[in-house]
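The structure appears right after this line, and notes come after that.
The values are calculated or read from the model by the stated rules, or taken from the named source; none is laboratory data. Just so we're clear, the structure is a prediction, and the values are computed from it rather than from any experiment. Neighbour counts are summed over all protein chains in view; Cβ atoms, including those assigned to glycine, are modelled from backbone coordinates with ideal geometry. Accessible surface areas use protein heavy atoms only, side chains included; no ligands, DNA or RNA. Shrake-Rupley method; radii C 1.70, N 1.55, O 1.52, S 1.80 Å.
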Amino acid sequence: MEPSIETIALRKLLTTILTTLIFSIVFACIAGASSHFEQQTVYIQTFLIYVIYGGGITLVYGNIVSVVVELLQNKWFKQQNWLYIFILGLFGLVFSFIGFTFSLLYGMIDKWLKNRMVKKKPFAVFFLIPILSFGAIWVSLYATNDSYTQKAAIALLVNDFLNDKKLDQLPKQNGTWEGELNGYQVKNETNAVKSDTKEYHVTFIEIWKKGNEENYRKISVYVQPSSIYDYTEEGSKPPY
């Protein structure tokens, strides 16, 4: 007995929801764990992006494709579920490799749900797993989250940006350092001022002197937990 249109529509909708939840949680978890600060916020933001875009595309484009491919499968390759899943993956590849993996997951969940529906096995409880996982991951990221302090902003700037600029001599913490480098009397000053709730304006000033030779370098940049902008630099490159 062939399933009714209502049953197929319900299965496709449930497949869309479960696939979107699993996929969004995985990528949101990766993004959150990779963030230096406010991991739980990045986690939520990334999750919502994937739910809105991934879920929306799947709800329309993905379900239309899956219905058409399923009709072809019932006529030409009824026992080859792997081929059904692979064909969906190819259609997902139109968007990207992520779309390919998303579509493969959709196909596997679709066939799994169909099998449980035919055998009248319960499946609702499996929707609790991603929901509970979502909450548990958020709590974990929140508990281990690093505060975005003045010191943290400087560390983020030095580790993620300034090293690429080869500014190794600049101080790594707020305050002033004075000493001698290759015969030059050097004074380095770091000043980080909070300019917004989640933003610091960091200024580095480096002054060097040797005999009658004297020069300086000043670097100014705004630092947020996940971005750096408005970088300006004036003066000369230190000779040491």
task = Pop a pseudo-label 7 angstrom from the Cα along the beta-carbon direction at both residue 59 and residue 86 and give the gap in nm to one decimal.
result = 3.2 nm
key: FRET efficiency, residue 182 to residue 218 (Cβ-Cβ, R0 22 Å, nearest 0.05)   = 0.60
request  = Sketch the reach of a paramagnetic label on residue 136 as a point 7 Å from Cα along Cα-to-Cβ, and name the residues of region 11-43 whose backbone nitrogen lies under 15 Å away.
outcome  = 22, 25-26, 29
key: Of all accessible heavy-atom area on the chain, the percent that carbon and sulfur account for (1.4 Å)   = 62 percent
query = Using helices alone, what [θ] at 222 nm do you get for the chain, with -39,500 (n - 2.57) per DSSP H run of 4 or more residues, divided over all residues and rounded to the nearest 500?
reply = -17500 deg cm²/dmol
remark   = Sorted by accessible surface (1.4 Å probe, heavy atoms of the protein chains only), largest first, 213, 38, 2 come out as 2, 213, 38
ask   = So, by mean Cβ neighbours within 10 angstrom, what's the order for 40-51, 188-199, 20-31 with the highest one leading?
value = 20-31, 40-51, 188-199
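Mind checking the full-extension length gain between residue 197 and residue 116? Use 0.36 nm per residue of separation minus the Cα-Cα distance, one decimal, nm.
Net length gain for the segment: 24.1 nm.
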remark   = Once amide hydrogens are built 1.01 Å from N within the peptide plane, the residues lying 5 or more places from residue 38 or on another chain with amide H under 5 Å from its amide H are 146
Rough spin-label spacing in nm, given labels placed 7 Å along Cα→Cβ, for residue 74 and residue 97 = 3.6 nm
request  = Considering the options 49, 240, 93, tell which one lies farthest towards the positive end of the dipole of the chain, charges being +1 on Lys and Arg and -1 on Asp and Glu at the Cβ, about the Cα centre.
outcome  = 93
request  = Please tell me which of these pairs span more than 20 angstrom C-alpha to C-alpha: 12/120; 75/120; 151/209; 78/121?
outcome  = 75/120; 151/209; 78/121
key: Residue among 130, 122, 225 with the largest mean-square fluctuation in a Gaussian network model of the chain, springs linking Cα atoms under 10 Å   = 122
